[in-house]
Amino acid sequence: MRPIISLRVRALISLGIVLVALAAYSPALASGPKRTSPVASTPIRETWAEPQLTYGGCGGVDAPVVRADYEQDVVERVNAERLAAGLGPLKRVDPLNRSARYHATDMGQESYFEHDTYDWNGSRYQYTCSTWDRIGAYYTGAAALAENIAAGQGSPEAVMNTWMNSAGHRNNILSPDVWEIGVGYYEGSGYYYRYWVQNFGRRWDVYPVVINREARSTDSMLVSLSIYGTWSEMRLRNDGGAWGAWQPFQSNIAWTLGQGVGDHTVTIELRQGSRTATSSDSIYLTTSPPVATATPPPTRTPTPTRTRDPHAPTPGPMTPRVWLPLAKKS
């Protein structure tokens, strides 16, 4: 029996009734991805119109980005929850973004709600592949995987509240066994109209560094770095510049970005004995302080020297000036 929680609830909002759905996969993360067999029952499929096949097979293609801001917002909310729980931030990585986005789009366009992938053959849904096979089409070398899905919620705040109020989903978000995340969002079709997917993972021999808890941008050159793994030493550099000196490893440090508005990348090299690893992360700097320049002191015009005539008489003492009122005439 696969460890999956699935439920459907109705949420009443001021503009009407919105259908929402929720499900989570939480395998034994530390033992690596779990391979599952097809489920006996068919997926949830309540439709107003017959679904149209858009994607076929088990992922491997890139779905379009519908709301990049929604996806990033979910990542930042996840890391805020992890910070409150005393956990390190998750690094957002493209392979998990692509896997999550594909599944959100596939569920919406073919109007089903399940972790596994299904194709509509014109009369029924046909099982295509498991969750882990689909994620593995994008994200290779996994040591741990997990997935949350939801449908119907209208905002990142709403979907995160839904997930955090469900034990299985909350456990995935706050798992210490995953270090990376991807988020996919789709809207525009399907019974629930909006579909959300979180994919979590950790890869063998990949040790992420995360700037400012994976914020999209910063207005300060001073940032925080979170670094995964157990190491003895590390060294860092900005934007492909010269390496700094080797220093004792720390999992959390403050760091100063390079100057200039735009994307900045911090690269870190880690070592312990003969074992080494390199990782990097980037962030957009929105402002940059002006470069200080030295201002020369003002030029002073020398005062001309007055030469005394040696034949002139030596002046006597200066008579003091006194103002006295005149006596009043009678």
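Yes/no matrix, rows are residues, columns are (1) farther than 30 Å from Y102 by Cβ; (2) outside any loop (DSSP other than H, G, I, E, B); (3) not hydrophobic (A, V, I, L, M, F, W, C):
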site	(1), (2), (3)
W196	no, yes, no
R202	no, yes, yes
V210	no, yes, no
G229	no, no, yes
G240	yes, no, yes
W255	yes, yes, no
G260	yes, no, yes
T267	no, yes, yes
R271	yes, yes, yes
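Of the residues D239, D281, D263, which is of a type in the set (D, E, K, R), within 23 Å of V93 (Cβ to Cβ) and touching a Lys or Arg at 6+ places or on another chain (Cβ under 8 Å)?
Working: D239 fails: touching a Lys or Arg at 6+ places or on another chain (Cβ under 8 Å); D263 fails: touching a Lys or Arg at 6+ places or on another chain (Cβ under 8 Å).
Unique residue meeting the criteria: D281.
Looking only at residues that are among the hydroxyl-bearing types (S, T, Y) and under 26 Å from G141 (Cα atoms) in region 222-243, which one is surrounded by the fewest Cβ atoms within 10 Å (Cβ to Cβ)?
The initial filter retains those residues of region 222-243 that are among the hydroxyl-bearing types (S, T, Y), namely 224, 226, 228, 230, 232.
In the following step, the residues that additionally are under 26 Å from G141 (Cα atoms) were identified as 226, 228, 230, 232.
On the way: S226: 22, Y228: 20, T230: 10, S232: 12.
Restricting to residues being among the hydroxyl-bearing types (S, T, Y) and under 26 Å from G141 (Cα atoms), the top hit is T230.
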Task: Which listed residue, of G201, G190, is buried (at least 23 other Cβ atoms within 10 Å of the Cβ) and modelled with pLDDT under 95 - done: G190
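If we scan region 258-265, do we find a residue that is buried (at least 17 other Cβ atoms within 10 Å of the Cβ) and touching a Gly at 6+ places or on another chain (Cβ under 7 Å)?
First, the residues of region 258-265 that are buried (at least 17 other Cβ atoms within 10 Å of the Cβ): 264.
With touching a Gly at 6+ places or on another chain (Cβ under 7 Å) added as a condition, the list becomes 264.
There is at least one residue in region 258-265 that is buried (at least 17 other Cβ atoms within 10 Å of the Cβ) and touching a Gly at 6+ places or on another chain (Cβ under 7 Å).
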- [ ] Mind listing just one residue for me: the one in region 68-88 that is in a loop (DSSP other than H, G, I, E, B) and in contact with a Pro (Cβ under 9 Å, 6 or more places away or on another chain) and, of those, farthest from S99 (Cα to Cα)?
- [x] L87
Task: Test: D219 is charged (D, E, K, R), surrounded by fewer than 17 Cβ atoms within 10 Å (Cβ to Cβ) and touching a residue at least 60 places away in the same chain (Cβ under 8 Å) - done: yes
Open item on the list: Give me the residue from region 101-114 that is assigned to a helix (DSSP H, G or I) and open to solvent by less than 10 Å² (accessible area, probe 1.4 Å) and, out of that set, farthest from F200 (Cα to Cα).
Closed with: E110
Task: Condition check for R213: over 19 Å from A68 (Cβ atoms), touching a helix residue (DSSP H, G or I) at 6+ places or on another chain (Cβ under 7 Å) and open to solvent by 40 Å² or more (accessible area, probe 1.4 Å) - done: no
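Which count do you get for residues in region 172-194 that are not aliphatic (A, V, I, L, M) and not in a strand (DSSP E or B)?
Filtering region 172-194 down to residues not aliphatic (A, V, I, L, M) leaves 172, 175-177, 179-180, 182, 184-194.
When the remaining residues are screened for being not in a strand (DSSP E or B), the result is 172, 175-177, 179, 188-193.
Total meeting the criteria: 11.
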- [ ] Name every residue in region 145-175 that is more than 19 Å from D94 (Cβ to Cβ), small (G, A, S) and surrounded by 22 or more Cβ atoms within 10 Å (Cβ to Cβ), in order of residue number.
- [x] A150, A151, G152
Open item on the list: Return the residues of region 115-144 that are assigned to a loop (DSSP other than H, G, I, E, B), buried (at least 22 other Cβ atoms within 10 Å of the Cβ) and not small (G, A, S); say none if nothing qualifies.
Closed with: H115, D116, Y138, Y139
Open item on the list: Please pick out the residue among R77, R98 that is within 25 Å of Y191 (Cα to Cα), open to solvent by 40 Å² or more (accessible area, probe 1.4 Å) and either free of Cβ contacts under 8 Å to residues at least 12 places away in the same chain or charged (D, E, K, R) (or both).
Closed with: R98
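Restricting to region 145-166, what's the tally of residues that are touching a Phe, Trp or Tyr at 6+ places or on another chain (Cβ under 8 Å) and assigned to a helix (DSSP H, G or I)? Explain how you work it out, then say what you get.
To start, the set of residues in region 145-166 that are touching a Phe, Trp or Tyr at 6+ places or on another chain (Cβ under 8 Å) comprises 145-153, 155-156, 159.
When the remaining residues are screened for being assigned to a helix (DSSP H, G or I), the result is 156, 159.
Qualifying residue count, region 145-166: 2.
The values are calculated or read from the model by the stated rules, or taken from the named source; none is laboratory data. Quick caveat, the model's predicted, so the values are computed rather than measured. Methodologically, a virtual Cβ is constructed for each residue, glycine included, from the backbone with ideal geometry; neighbour enumeration extends over all protein chains shown. Note: accessible area is taken over every heavy atom of the protein model, side chains too, but ligands, DNA and RNA are not part of it. Shrake-Rupley method; radii C 1.70, N 1.55, O 1.52, S 1.80 Å.
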